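The values are calculated or read from the model by the stated rules, or taken from the named source; none is laboratory data. Worth saying up front: this structure is predicted, and the values here are computed from it rather than measured. In this analysis, Cβ positions are derived from the backbone assuming ideal geometry, glycine residues included, and neighbour counts consider all displayed protein chains. Heads up: the accessible areas ignore ligands, DNA and RNA and are worked out on the full protein's heavy atoms, side chains in. Shrake-Rupley method; radii C 1.70, N 1.55, O 1.52, S 1.80 Å.
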Amino acid sequence: MIGVLGASGAVGRQAVRALRDSGTGPLRLGARRTSALSAADGEVRTVDVNDAGSLKEFCAGLTVLLNCAGPTYALQERMALAALAAGAHYVDVGGDDPVHERLTAAGAVTGDATVVLSAGALPGLSALVPRWLAARWPDGDRLVCLAGGLEKCTPTVAEEILLSLSVGGAYGEPFGRPLAAWRNGRRALRVLRTIEDEQLPDFPDRAMLQPILTAESERLAVMLRLDELDFFNVYPGPRVRALFAQLPSLAAQGRGDLVQRIVTAGDVDLAGRDPYYRMRFTLGGPGGEHTAVVSTGSSYRLTAAVGVLAVRAVVDGELPAGLHFGGDVLDPGWAVEEINRTGAADITVLDDVDEGVL
């Protein structure tokens, strides 16, 4: 039995569909509001992730729990602990480094249990695609990553945007370091700047670029032995960009008010437009530059697709026991192939020799 928490949300609905399409199941679907869930997809249960008893009841009898609920900074490790206590493996499309640190400190992952965190688009695929490029062109020592788009902004995503614009989150967790980059094999603070207005290859609109160095990027730089790594979040919506420019003066406002303003600005920017999401990775080295472009109409579907790949890998016994990050442990070639095959995204390679679509 595979459990899906947050099954009625933007990512959860896509995860249920992908699990069903892949024949992975049976499924148990959990959400606070279950009206959008169908018994045709699995066993539907009302669950409150803030209630330990509710989580315990939901996890009983599961083989794997896939968590699509958020935001991570608020929920932390509670779902992982509930799954492990029930004897289930655990996959989280979020669950970033603070969750990893807490689970490690508690010694919570023991025996044959497998826990996979950050198994989404960003973080997750944002490490898998560069790993795939590096396997094909191992002489690369410079990486530039761009990720963003124009689509519906949920409150959870708005929370994560706010965290990415400052050092540390609501409880001081190390979400990332704005304006930092990887230089000469180590972290370098404040070496990049925000680019207010830029036309990027493979992105339909002019956009603001916000540099950030996350823990995933640092692990990736070490794994690939990179000299340099730059990562930019890309924000094309003019109203969202204008709001970000005002954030220093809006600091006195409550987090809830700022989240709602970001959601509203995103809705206005999207009005009358087709949603899109892009990721662009350029690996450079002595042999030239090679670029992979990930194109999709929905980052939520893409995030769900990576989470489902992690669930499938756990069910099939492809991952070792222990505590992992999705971008570090999943097979990158398989992930790219499956994402293309299922249509969750189109991943195309551009380089000196035209490789076409993967």
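Residues of segment 231-267 being modelled with pLDDT of 85 or more and outside any helix (DSSP H, G or I), which ones? Hits for segment 231-267 are 231, 232, 233, 234, 235, 236, 237.
Could you list, in sequence order, the residues of segment 257-269 that are out of contact with any helix residue (DSSP H, G or I) (no Cβ under 6 Å at 6 or more places or on another chain) and over 13 Å from residue 154 (Cα atoms)? Passing the criteria: only 257. In segment 286-321, what residues are over 16 Å from residue 115 (Cβ atoms), part of a loop (DSSP other than H, G, I, E, B) and touching a residue at least 12 places away in the same chain (Cβ under 8 Å)? Once the filter is applied, which keeps residues that are over 16 Å from residue 115 (Cβ atoms), part of a loop (DSSP other than H, G, I, E, B) and touching a residue at least 12 places away in the same chain (Cβ under 8 Å), segment 286-321 yields 286, 287, 297, 298.
Listed here are the residues, each with its yes/no results for (1) more than 20 Å from residue 67 (Cβ to Cβ); (2) open to solvent by less than 30 Å² (accessible area, probe 1.4 Å); (3) among the hydrophobic types (A, V, I, L, M, F, W, C); (4) over 18 Å from the mean Cα position of the chain (by Cα).
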{"site": "302", "(1), (2), (3), (4)": "no, yes, yes, no"}
{"site": "321", "(1), (2), (3), (4)": "no, no, yes, yes"}
{"site": "338", "(1), (2), (3), (4)": "yes, yes, no, no"}
{"site": "344", "(1), (2), (3), (4)": "no, yes, yes, no"}
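One line per residue, one yes/no per condition, for (1) surrounded by fewer than 21 Cβ atoms within 10 Å (Cβ to Cβ); (2) in contact with a Gly (Cβ under 7 Å, 6 or more places away or on another chain); (3) at pLDDT 95 or above:
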position: 97; (1), (2), (3): no, no, no
position: 101; (1), (2), (3): yes, no, no
position: 132; (1), (2), (3): no, yes, yes
position: 144; (1), (2), (3): yes, no, yes
position: 154; (1), (2), (3): yes, no, no
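Given the condition more than 30 Å from residue 272 (Cβ to Cβ), touching a residue at least 12 places away in the same chain (Cβ under 8 Å), among the hydrophobic types (A, V, I, L, M, F, W, C) and surrounded by fewer than 16 Cβ atoms within 10 Å (Cβ to Cβ), answer yes or no: does some residue in segment 190-205 qualify? Yes: one or more hits.
For residue 63, state whether it is surrounded by fewer than 18 Cβ atoms within 10 Å (Cβ to Cβ), hydroxyl-bearing (Ser, Thr, Tyr) and in contact with a strand residue (DSSP E or B) (Cβ under 6 Å, 6 or more places away or on another chain).
Numbers: surrounded by fewer than 18 Cβ atoms within 10 Å (Cβ to Cβ): yes; hydroxyl-bearing (Ser, Thr, Tyr): yes; in contact with a strand residue (DSSP E or B) (Cβ under 6 Å, 6 or more places away or on another chain): no.
For residue 63, the condition - surrounded by fewer than 18 Cβ atoms within 10 Å (Cβ to Cβ), hydroxyl-bearing (Ser, Thr, Tyr) and in contact with a strand residue (DSSP E or B) (Cβ under 6 Å, 6 or more places away or on another chain) - is not met.
One line per residue, one yes/no per condition, for (1) under 14 Å from residue 132 (Cα atoms); (2) in contact with a Cys (Cβ under 8 Å, 6 or more places away or on another chain):
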{"site": "293", "(1), (2)": "yes, no"}
{"site": "298", "(1), (2)": "no, no"}
{"site": "307", "(1), (2)": "no, yes"}
{"site": "313", "(1), (2)": "no, no"}
{"site": "316", "(1), (2)": "no, no"}
{"site": "330", "(1), (2)": "yes, no"}
{"site": "341", "(1), (2)": "no, no"}
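A single member of 69, 40, 83 is open to solvent by less than 50 Å² (accessible area, probe 1.4 Å), of a type outside the set (Ser, Thr, Tyr) and part of a loop (DSSP other than H, G, I, E, B), and it is 69.
Among the listed residues 297, 317, 326, 307, which satisfies the condition of being buried (at least 24 other Cβ atoms within 10 Å of the Cβ) and farther than 23 Å from residue 137 by Cα?
Working: 297 fails: buried (at least 24 other Cβ atoms within 10 Å of the Cβ); 317 fails: buried (at least 24 other Cβ atoms within 10 Å of the Cβ); 326 fails: farther than 23 Å from residue 137 by Cα.
Just a single option satisfies the conditions, and that option is 307.
Among the conditions (1) touching a residue at least 40 places away in the same chain (Cβ under 8 Å); (2) open to solvent by 60 Å² or more (accessible area, probe 1.4 Å); (3) over 25 Å from residue 151 (Cβ atoms), the only one that residue 50 does not satisfy is (1).
The condition (being modelled with pLDDT of 90 or more and among the hydroxyl-bearing types (Ser, Thr, Tyr)) is satisfied by just one residue among 118, 164: 118. Once segment 10-24 is narrowed to residues that are open to solvent by less than 40 Å² (accessible area, probe 1.4 Å) and out of contact with any Cys (no Cβ under 6 Å at 6 or more places or on another chain), the residue that is nearest to residue 58 (Cα to Cα) is 16.
Quick one: would you say residue 99 is assigned to a strand (DSSP E or B) and farther than 30 Å from residue 346 by Cβ? If you could, list the steps in order and put the result at the bottom.
Details: assigned to a strand (DSSP E or B): no; farther than 30 Å from residue 346 by Cβ: yes.
In short, no.
Screening residue 34 with (1) free of Cβ contacts under 8 Å to residues at least 12 places away in the same chain; (2) in a loop (DSSP other than H, G, I, E, B) gives one miss only, at (1).
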